[in-house]
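The values are calculated or read from the model by the stated rules, or taken from the named source; none is laboratory data. Note that this is a predicted model, so its numbers are computed, not measured. With ideal geometry, Cβ positions are generated from the backbone for all residues, glycine too; neighbour counts draw on all protein chains shown. Only protein heavy atoms, including side chains, enter the accessible area calculation; ligands, DNA and RNA are left aside. Shrake-Rupley method; radii C 1.70, N 1.55, O 1.52, S 1.80 Å.
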Amino acid sequence: MDQRQFFSGFYKHSISKRLELMESWLGLSINSADTMLPEAYANQMIENYLFNYHLPLGVAVNLKVNNAKYVVPMAIEEPSVIAAASFGAKLLGNIQAETKERLLIGQIIMTVQQPMAEIQQIIKENKAKLLDIASQASASMVRRGGGPRDIWVEEKEHPNRNYISIYLSLDPCDAMGANVINTVLEALSPTMESIIEGEVLMSILSNYQPQAVTIASAKIPFVHLSNDKDEAISLAERLEMASDYAWLDPYRATTHNKGIMNGIDAVVIATGNDWRAIEAGAHAYAVKDGQYRSLTKWQVNYEDEMLEGSIEIPLQVATVGGTLSSHPTAKLALQMLNITSAKDLSNIIASVGLVQNFAAMRALVSEGIQKGHMRMQARALAMQVGATIKEIPAVVTQLSEAGQMNRDTARKILDEIRK
């Protein structure tokens, strides 16, 4: 059966029915009790452990990437994000995504006395030796087809002292690779001090990864925007203008990109990846030309009668190692996606960012962002004032019809219901 038909009205079902449908679709047995992180493991993951902090995990449906269909696990507390991703995915259809390379970049930062030209020549002459040391320090990664790829140096000017950064690129295969590249950099540091007149200040990976960029793109026929052609063209043009403006204004670009990261972070967290690193890298990439800009672009193609959109973002994620191997929910999330390749995961995550952005911008330039948020906000307010599970629907209904939607109104409605 087609995924859209299978998951039609998915949000209307009870939790048990949703789990039943997911098991049927994926051919997996899903026991929510098995997703809990045991205290014994959690106590090893962080210091001074007390208890677990839980986030709701749901699934976005309708996503199609490179002709493959996905039900995407997303862990997030913000209302409407998963609904928007599912809606956006339904309209965008098949998304084309590609991750050409996944190279981690690390740095050995030094203070130096030598002229830059001499240092560049030293690195050039010793490049083979340095890469060999790096390969020995990452032997297991090399055996899997990854390992060091290149080494180069740049000068960083400062009025008080001379700095250089020696960069190393490394292919981490399907792992995140942070520990590996840090080990490699530290193994290289003594040699750097022996061949360059200077002192190593630090050796550490960077979370800015412009050599691990994923590009996802979609083409939406006007008819998918509206049955009325003029209305569809008008909406497409407004989406293009909203995209143009987010490219121009850092204030708008910041909120524009935050909406993208709503979807991206939710998948990254669900799959046990490092959302802080992804956030840092994405925002650094957004300012790569000197001004903070949007990560997506949308434009109207009048000749083909389509709205075309794309996202370009660095995504250094993994499908093996780290938290992924010890956290039961992360392992289940990857099973739900039915992938093993980190490139496939990057393609899915970038595509979620694109559909999330489309859904948000469509709402912004048409009915406004609040319309879709209001029922979710009403539900949150009902819970905040202490409504029980049975009372929530009645509070939400009355709150949605009230002139003001705030905690005081919600509390008054709940009091009346209880009387």
Note to self: Quick test for you: out of 133, 109, pick the one residue that is under 19 Å from residue 188 (Cβ atoms), touching a helix residue (DSSP H, G or I) at 6+ places or on another chain (Cβ under 8 Å) and surrounded by fewer than 21 Cβ atoms within 10 Å (Cβ to Cβ).
What the structure shows: 133
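Okay, residues lined up against (1) touching a Gly at 6+ places or on another chain (Cβ under 8 Å); (2) in a helix (DSSP H, G or I); (3) open to solvent by 60 Å² or more (accessible area, probe 1.4 Å); (4) modelled with pLDDT under 80:
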residue	(1), (2), (3), (4)
339	no, no, no, no
382	no, yes, no, no
389	no, no, yes, no
394	no, yes, no, no
Note to self: Contact list please: Cβ distance under 6 Å, first residue in segment 24-43 and farther than 20 Å from residue 59 by Cα and modelled with pLDDT of 85 or more, second residue open to solvent by less than 70 Å² (accessible area, probe 1.4 Å) and assigned to a helix (DSSP H, G or I), pairs at least six apart or on different chains.
What the structure shows: 41/326
Next item on the list: Mind listing whichever residues of segment 24-41 are more than 17 Å from residue 330 (Cβ to Cβ) and either within 25 Å of the chain's Cα centre (by Cα) or in a loop (DSSP other than H, G, I, E, B) (or both)?
Entry: 25, 27, 29
Notebook entry, point to check: What number of residues within segment 151-195 satisfy the criterion of being of a type in the set (Asp, Glu), outside any helix (DSSP H, G or I) and surrounded by 14 or more Cβ atoms within 10 Å (Cβ to Cβ)?
Noted result: 3
Checklist line | Number of positions in segment 243-274 that are part of a helix (DSSP H, G or I) and buried (at least 19 other Cβ atoms within 10 Å of the Cβ) | finding: 17
Note to self: I'd like to verify a number: residues in segment 303-323 that are outside any strand (DSSP E or B), in contact (Cβ under 8 Å) with a residue 24 or more places away in the chain and either out of contact with any Leu (no Cβ under 7 Å at 6 or more places or on another chain) or open to solvent by 40 Å² or more (accessible area, probe 1.4 Å) (or both), how many?
What the structure shows: 6
Next item on the list: Could you grab me the full set of residues in segment 158-208 that are within 25 Å of residue 280 (Cβ to Cβ), without any contact (Cβ under 8 Å) to a residue 40 or more places away in the chain and polar (S, T, N, Q)?
Entry: 179
Notebook entry, point to check: Which residues, taken from segment 405-419, are under 12 Å from residue 377 (Cα atoms) and either in a helix (DSSP H, G or I) or open to solvent by 80 Å² or more (accessible area, probe 1.4 Å) (or both)?
Noted result: 407, 410
